[in-house]
Structure formats: C-alpha cells, structure tokens
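Peer 1: This is the structure I have questions about; it appears just below.
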Amino acid sequence: MGFKKTWNGENGISHVVESGGSSLEMIEVDMVKLRPEEVKKYSEKNKEYALIILGGSCTVKGEGFEYINVGKRKNVFDGPACAVYVPRNNVFTVTAVTDVTIAVSKSPAEKDFKPALVNPEDVVIKALGKPGWEREAHFIVDERVEADRLYIGEAFVKGGQWASYPPHKHDDDNMPIEGILEEIYYYEFDKPQGFGIQRVYSKEGGIDETYTVKTGDFVEIPKGYHPFCCAPGYNNYYLWIMAGENRGFFMTTEEGHKWLNE
C-alpha cells in the first residue's frame with residue numbers, strides 16, 4: 001500500500017483518507033469544498049473532529065454551539081488559520097458563507113470534551129530549525145484545546161529548505177521521551193508547478209518510501225522518520241495532523257543526525 005494520496009480539488013466532499021483504505025488507524029481526512037449556502041452534515045459515531053479552514057468562511061453548528069463566519073484568510077498563505085474542534089457523538093453542520101475549503105480531520109475517540117473555536121490570534125507561531133532547515137510552525141489544535149487524540153498544526157517552508165529535519169520519529173511508546181503518534185501531511189505550493197520531496201522510512205528498515213508531492217497531495221506517516229524538502233523557487237505549506245494517546249511533540253531524532261541539533 002502506497003502512502004501518497006491526492007485530492008483533485010473538486011467541489012463537494014472528498015473522502016481522501018478513509019479507514020480501511022489507509023495505512024493509518026487513528027486519522028481520517030475529508031476535504032470539503034463548498035459554495036455559498038451549501039451545507040454538509042456530519043453524524044459519525046465515536047469520532048472527534050477538527051476542522052481547519054484552509055480558505056474562505058463558514059458557520060459550524062451543533063448541539064449547544066454555533067460558530068458563525070469562521071475563517072479569515074483567502075488561502076493558506078494568507079495568515080494563520082481558524083479551526084473548530086467538535087467532540088465525539090455530536091451531530092453538526094457546516095454551512096458555507098463564502099466559497100470555502102476545509103480539511104476535516106477525524107479520529108476515534110473514547111472521551112468527551114467541549115467544542116472549541118480557535119481564532120487566528122490564538123495560533124501559536126514559532127520559528128524552528130537552523131539555516132538549511134528553517135520553517136515557521138503554527139500550533140492550532142494543541143495542548144490548549146482539550147481533545148482525545150487529535151493534535152494539529154501547519155508549517156510554512158521556503159524554497160530549498162527542509163522540514164521535519166533532522167529526521168525524527170514518534171512510533172515507540174517510551175514516554176515522556178517518545179510517544180506513538182500517527183501523522184499525515186497535506187501540501188500546497190504558491191505556484192502550480194511547485195513541488196517537494198517527502199521521505200518516509202522506518203528505523204527497522206521495513207518502510208523506505210520517497211514521493212514527489214504537489215498541491216493537493218497527502219502523505220501518510222504510519223511510523224518512521226519523515227523529512228521533507230521544498231524545491232528552490234517555491235514556497236510550501238503543509239498541514240500536519242497527528243493522532244495518538246500522548247498528544248504533543250514526543251519524538252526522537254535519528255541517531256546519525258543528532259549532531260545537527262548541537
């Protein structure tokens with residue numbers, strides 16, 4: 001089974017990453033693209049949701065909550081995101097206010113939490129890395145949002161720079177140093193011809209994959225190291241969606257590359 005999947009950008013609901021058709025057990029992703037006043041209803045049982053507004057605005061309404069005109073940016077390169085967290089077993093609707101594109105993440109959930117709205121001013125922005133692997137990381141659905149498994153953010157990578165570098169992994173239960181977290185990346189580039197290179201490889205050697213990625217592509221990371229590089233001349237955005245019992249950056253660097261962090 002390959003780890004790369006592609007969304008064609010069409011209007012409507014696209015079930016890009018689904019249980020049973022994926023290497024992941026804790027993450028599913030729908031891409032939702034709606035025109036003004038179009039409505040999508042969700043009612044799946046025992047799943048929590050995180051809606052990341054990629055561009056445009058919408059209203060999200062469920063039992064006991066209504067978030068109106070969620071979404072401030074035109075596209076992913078137009079500032080920090082808005083997001084909505086919806087706990088399990090909550091029937092809710094998404095109604096487009098403008099043309100809107102949303103990444104809807106889903107994960108099996110066993111605990112109940114409160115709905116939450118994350119506005120752009122709530123997003124924590126950090127500059128990470130050193131020359132050669134510098135990127136801007138946005139923390140959206142992080143420790144400040146009570147959730148069962150989902151932990152989500154965005155990254156912005158300039159041409160020629162690496163991210164998720166030095167290579168790290170989070171597939172061993174060795175807390176508090178490392179936790180088991182599945183992950184998936186969704187990519188966009190500032191020009192149609194923009195591209196990047198994504199590797200996924202495991203410590204044990206059972207996984208060794210390399211993909212060329214462009215706008216609309218996803219790469220699943222069930223385990224292993226996963227460095228990414230953006231081609232020179234282009235700016236990259238990727239949405240990172242993690243899910244696991246230990247929400248957070250509990251990871252270890254590949255042994256041979258640890259010296260890069262010194």
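Peer 1: Take the residues of region 53-107 that are among the charged types (D, E, K, R) and under 22 Å from W7 (Cα atoms): which is surrounded by the most Cβ atoms within 10 Å (Cβ to Cβ)?
Peer 2: Per the stated criteria, the residue is K106.
Peer 1: All but one of (1) modelled with pLDDT of 95 or more; (2) over 24 Å from K214 (Cα atoms) hold for K4, so report the exception by its number.
Peer 2: (2)
Peer 1: Of the residues G64, G55, G2, only one is of a type in the set (G, A, S) and either under 23 Å from Y151 (Cβ atoms) or in contact with a Leu (Cβ under 8 Å, 6 or more places away or on another chain) (or both); which?
Peer 2: G55
Peer 1: I'm trying to understand the selection: among the residues of region 110-165, which are of a type in the set (F, W, Y) and within 23 Å of R73 (Cα to Cα)? It would help to see each step written out before you state the result.
Peer 2: Applying the first criterion (of a type in the set (F, W, Y)) to region 110-165 yields 113, 133, 139, 151, 156, 162, 165.
Those that are of a type in the set (F, W, Y) and within 23 Å of R73 (Cα to Cα): F139, Y151, F156.
Peer 1: Let me ask something else. Condition (residue is under 26 Å from P87 (Cα atoms) and touching a strand residue (DSSP E or B) at 6+ places or on another chain (Cβ under 7 Å)) applied to region 159-177: is it met by at least one residue?
Peer 2: yes
Peer 1: Also: Scan Y151, Y165 and give me the residue that is hydroxyl-bearing (S, T, Y) and under 22 Å from E25 (Cβ atoms).
Peer 2: Details: Y165 fails: under 22 Å from E25 (Cβ atoms).
Every option except Y151 fails the conditions.
Peer 1: If you go through region 123-135 one residue at a time, how many are in a strand (DSSP E or B) and buried (at least 16 other Cβ atoms within 10 Å of the Cβ)?
Peer 2: Count: 1.
Peer 1: Still on this structure: Hey, can you tell me all the residues within region 61-96 that are over 27 Å from I125 (Cα atoms) and of a type in the set (G, A, S)?
Peer 2: Scanning region 61-96 gives G62, G64, A96.
Peer 1: Which condition number does A50 fail, the rest of (1) within 19 Å of Y151 (Cβ to Cβ); (2) at pLDDT below 95 being met?
Peer 2: Unmet for A50, out of (1) within 19 Å of Y151 (Cβ to Cβ); (2) at pLDDT below 95: (2).
The values are calculated or read from the model by the stated rules, or taken from the named source; none is laboratory data. Keep in mind that what you see is a predicted model, and the values were worked out from it rather than measured. Positions of Cβ are backbone-derived with ideal geometry, glycine not excepted, and every protein chain shown enters the neighbour counts.
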